[in-house]
Amino acid sequence: MWTCRHCGMVVPTEAIEPESDVDGFYFVCPGCEGRNRLINTSEDGDENGGGLMQPDV
């Protein structure tokens, strides 16, 4: 589960396709369309976002 940092909506990770750009990985909240940062925790630096998690802050 991911939580939107803008509106607080809780979103199942399966419900949203994470995206990436030059600033890194993120998901767009379906409720408020806010951009939410994700961190790639894949040990091999997987470019496909194999191990994404939401930072605490």
Nearest-20 debye value, the chain charge dipole, Cβ charges on Lys, Arg, Asp, Glu: 380 debye
Note, ³J(HN,Hα) from phi for the stretch 13-18, Karplus 6.51, -1.76, 1.60, rounded to Hz, x at Gly and Pro: 4, 6, 7, 10, 8, x
For the chain, the Rg and Dmax computed from alpha carbons only, in angstrom: 10.9, 33
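Read-outs throughout are calculated quantities, based only on the coordinates presented, and are distinct from any laboratory measurement. Only a predicted model underlies this, so the values are computations on that prediction, with no experimental measurement involved. Here Cβ is always computed from backbone atoms with ideal geometry, including for glycine, and neighbour counts include all displayed protein chains.
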